[in-house]
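So the structure is just underneath, and the comments pick up after that.
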Amino acid sequence: MPSLNAKIVNATKWSGLTEIAVRLVLPFTNMVLARLLTPEAFGIVATITMIILFSEIFTDAGFQKYLIQHEFIDDEDREQSTTVAFWSNLFMSLFIWAIIAIFSDRLAILVGNPGFGEVITIACVSIPLAAFSSIQMALYKRDFDFKTLFKVRMVSVAVPLLVTIPLAIWLRSFWALVIGTIVRDTLNAVLLTALSRWKPRLFYSWKKLHEMFSFSIWSMVEAITIWMTGYVDIFIVGIYLSMYYVGIYKTAMGTVGQIMNLVTASTTPVLFAALSRVQNDRKEFENIFYRFMKVVGIVVIPFGIGLFSYRQLAVDILLGDQWGDAIELFGLWALSNVVVIMLCHYCSEVYRSLGKPIYSVLSQVLYMLVMIPTVWVAVKYDFRSLYLSKVVVRFFGVFFNFGIMYFLVKMSPMKMVFTIAPSLLCAIAMAVVAYFLQMISTNILWRFTSIVICAAFYFAFLLIFPAERKICLNYGQKLLLKAKSSIRRKRQAQ
């Protein structure tokens, strides 16, 4: 039997490959779909997705995390819990789908999509499909079988290329996105069930249900707060503005998230795992956290500020001409993402690694108390007031996390700021260089050339600081050694 460390290393490899593949394919498919479909189409789908994700919180009820984390007495205990979780998820999902179907017209009016009740009913078939496969997915994760999940995910990634884009070319309608999502969830359910060694059987226990629900209640509460911070503003926008602006609003923010997640999606699990291993060694815990912030900041900070500096070019390439109203929002969201990722999101990994998810719930509740009334008032003026207010209010989330880190976790927020200060100063200097370079010419070739120049300036500025210089030089030496080793192996193979 392979050791736990060997399983973790293998799982990390396949999980990393999955994230890289998904993050590379998604921006490409969005580039194509954004040119084939209107912002209104994306707005309609955004409100439907909001309903589906909220429903899935209750159909799952945190059972996935229970099956992954819980230590079972024996195989029979695990089998019974898995079976109860499966039937509970499936029955609850079918019940919620039925409720949505009955009240679909009223629900459509509620989310700002009057007349789209039938569309919501059809799209929400994804709820029972996701519930059918979620338990199998949890078992794969528990067993560190990320290789199988990688294969299934690759099939899912292929759906937009093989189904959604062709349908968008043919239909030129939001139906392409709806049908593509249903096809993806159907394939997930079929493949995960077919490949799984576990199969559902006729068994149920209310005692097991109570045991699992008691364990996972806080996970469900956290999931609700995460959903609210991500979607309650879209709900408000859907009430007061048209689907065009919902599409602009959600797609601009989502595109920025997809790009910056190329860095954060692969680093966040590593930070959580590293902090969890040393949670009882306070000094090493803090050393790892601050060192991680410095290394990630060297990449994330210029990435976000660069997207802000070249926001028009980015929107032109990623979304196309019909998304002009998204340019300013795109840039400001990228700029604020720099601060939020470095000084807010990684705090959540600290809470989780210390076994304090309630701190994460607290930070999100405090944020919503400010965000919801702010957005509600701003949206009544105009679209620009809305997204400017949303960008500003994000910094309140940072301040709330600073308070939790200082008073409850006993870690210094100022040290967090000073840790990333060199990268931030160099990125700001880079932005100034970018501003003047773009004044020289609007030629597309010059714009790309100026990006390369800005990157060179950034790293040149960064080498002034000893700690950052050491990190960059060490990483550069490792890349050089890997390149030489790769060339040597190719020559030996020949």
Pull out the extension gain between His210 and Ala98, defined as 0.36 nm times the separation in residues minus the alpha carbon to alpha carbon distance; nm, one decimal. 37.9 nm
Probe of 1.4 angstrom, ligands and nucleic acids ignored: what's the accessible area per residue over the chain, in square angstrom? 49
Within a Cβ distance under 13 Å of Val125, other residues only, what is the Lys/Arg minus Asp/Glu net charge? -2
Note down the relative contact order for the chain as a percent, whole number, built from C-alpha pairs under 8 angstrom at least six residues apart. 18
How far apart, in nanometres, would the label points at Ile122 and Ile464 be if each is projected 7 angstrom from Cα along the Cα-to-Cβ direction? 5.9
Sticking to Cα atoms, compute the Rg of the range 48-191 to one decimal and its Dmax as the biggest Cα-Cα distance, whole number, in Å. 16.9, 54
Could you give the length gained by full extension between Lys147 and Phe91, i.e. 0.36 nm per residue of separation minus their alpha carbon distance, to one decimal place? 17.2 nm
If I take R0 = 35 Å and measure r between the Cβ atoms of Arg488 and Asp281 in this structure, what FRET efficiency does the formula 1/(1 + (r/R0)^6) give, to the nearest 0.05? 0.30
Take the residue pairs Lys356/Lys415; Lys141/Lys356; Lys250/Lys415; Lys294/Lys390; Lys283/Lys415 and return only those whose Cα atoms are more than 24 Å apart. Lys250/Lys415; Lys294/Lys390
Rounded to the nearest 0.05, what FRET efficiency is calculated for Val155 and Phe436 with R0 set to 60 Å and r the Cβ-Cβ distance? 0.80
Can you give the local net charge around Val232? Use residues other than it whose beta-carbon is closer than 13 angstrom to its beta-carbon, Lys and Arg +1, Asp and Glu -1. +1
Local net charge near Met253, Cβ-Cβ under 12 Å (Lys/Arg +1, Asp/Glu -1): +2
Just to verify a number: FRET efficiency for Glu40 and Asp105, C-beta to C-beta distance, R0 = 22 Å, to 0.05? 0.65
At what distance in nm do the modelled label points of Phe407 and Tyr240 sit from each other, each positioned 7 Å from its Cα along Cα→Cβ? 3.0
So, how do all the Cα-to-Cα distances of the chain break down into 20 Å bins, in percent, from 0 on up? 19, 56, 24, 1
Can you give me the distance in nm between label points at Arg172 and Trp218, each placed 7 Å from the Cα along the Cα-to-Cβ direction? 5.4
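The values are calculated or read from the model by the stated rules, or taken from the named source; none is laboratory data. Quantities reported herein were computed from a predicted structural model and do not represent experimental measurements. Note: ideal-geometry Cβ built from the backbone for every residue, glycine included; neighbour counts use all protein chains shown. Heads up: the accessible areas ignore ligands, DNA and RNA and are worked out on the full protein's heavy atoms, side chains in. Shrake-Rupley method; radii C 1.70, N 1.55, O 1.52, S 1.80 Å.
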